[in-house]
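Chemist: Would you mind keeping the following structure in view while I ask a few things?
The values are calculated or read from the model by the stated rules, or taken from the named source; none is laboratory data. Given the structure is predicted, the values throughout are model-derived calculations rather than measurements. Every residue, glycine as well, gets a Cβ built from its backbone with ideal geometry; the counts of neighbours run over all protein chains shown.
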């Protein structure tokens with residue numbers, strides 16, 4: 001399991017990294033049950049980074065059979081598999097329903113709100129199903145900076161506060177509410193909780209049967 005906060009800095013990142021890694025392990029354990037992928041499923045990992053979904057694939061037979069293609073805004077020469085540089089908020093270079101599943105974990109909050117509808121439409125276009133996870137706006141800790149209440153502040157105040165956090169350089173990240181995610185994808189939105197508090201939202205639609 002990779003270090004979730006490997007590129008962050010400071011004691012907050014060192015404390016948060018094992019907690020975040022365990023949360024991702026729990027999420028991945030639910031992934032197959034929710035996505036109901038067929039054997040040998042083709043998965044498009046949008047915003048894959050250097051490893052993405054491949055870093056979470058374990059030793060199970062179904063997991064080993066996944067055919068994962070990575071997509072990111074920048075080149076990823078270290079990515080261990082098929083990779084395409086593209087912007088999912090524009091036009092992805094794939095046919096309609098080319099993949100069994102479009103997978104997107106902790107990415108959509110980085111997309112400008114004005115581009116999210118186009119981003120969601122592309123995921124729905126290229127995948128017969130989708131799995132989208134994003135941190136919840138209602139959670140009191142901003143998950144990139146690890147600062148309390150940072151995402152609830154106006155942008156100007158948030159930018160000044162951001163320097164105290166673990167994220168390093170400034171990025172305007174806009175976390176989503178449940179209703180927005182549901183509106184974008186038109187599918188049920190599930191809650192991931194830390195105790196009684198919702199930490200993340202997961203919106204999932206299992207692949208429809210392939211008519212071909």
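Chemist: For region 178-212, enumerate the residues that are under 23 Å from residue 116 (Cβ atoms) and part of a strand (DSSP E or B).
Modeler: 189, 190, 191, 192, 198, 199, 200, 201, 202, 203, 204, 205 - these are the residues of region 178-212 that are under 23 Å from residue 116 (Cβ atoms) and part of a strand (DSSP E or B).
Chemist: Sticking with this one: Of all residues in region 98-123 being out of contact with any helix residue (DSSP H, G or I) (no Cβ under 7 Å at 6 or more places or on another chain), touching a residue at least 40 places away in the same chain (Cβ under 8 Å) and in a helix (DSSP H, G or I), which is nearest to residue 36 (Cα to Cα)?
Modeler: 123
Chemist: How many residues does region 135-174 hold that are in a helix (DSSP H, G or I) and within 17 Å of residue 111 (Cβ to Cβ)?
Modeler: Residues flagged as in a helix (DSSP H, G or I) and within 17 Å of residue 111 (Cβ to Cβ) within region 135-174 amount to 2.
Chemist: Looking only at region 140-166, how many residues end up being surrounded by fewer than 18 Cβ atoms within 10 Å (Cβ to Cβ) and touching a residue at least 60 places away in the same chain (Cβ under 8 Å)?
Modeler: Residues in region 140-166 being surrounded by fewer than 18 Cβ atoms within 10 Å (Cβ to Cβ) and touching a residue at least 60 places away in the same chain (Cβ under 8 Å): 0 in total.
Chemist: Just to check your reading of the model, which residue among 62, 13 is on the phi < 0 side of the Ramachandran plot, crowded, with 20+ Cβ neighbours inside 10 Å and modelled with pLDDT under 55?
Modeler: Step by step, each of 62, 13 is checked, and only 13 is on the phi < 0 side of the Ramachandran plot, crowded, with 20+ Cβ neighbours inside 10 Å and modelled with pLDDT under 55.
Chemist: Kindly indicate whether residue 135 is buried (at least 18 other Cβ atoms within 10 Å of the Cβ) and within 18 Å of the chain's Cα centre (by Cα).
Modeler: Here the answer is yes, as residue 135 does meet what is asked.
Chemist: What is the residue count in region 27-41 for residues that are crowded, with 19+ Cβ neighbours inside 10 Å and either assigned to a loop (DSSP other than H, G, I, E, B) or more than 17 Å from the chain's Cα centre (by Cα) (or both)?
Modeler: Selection size over region 27-41: 2.
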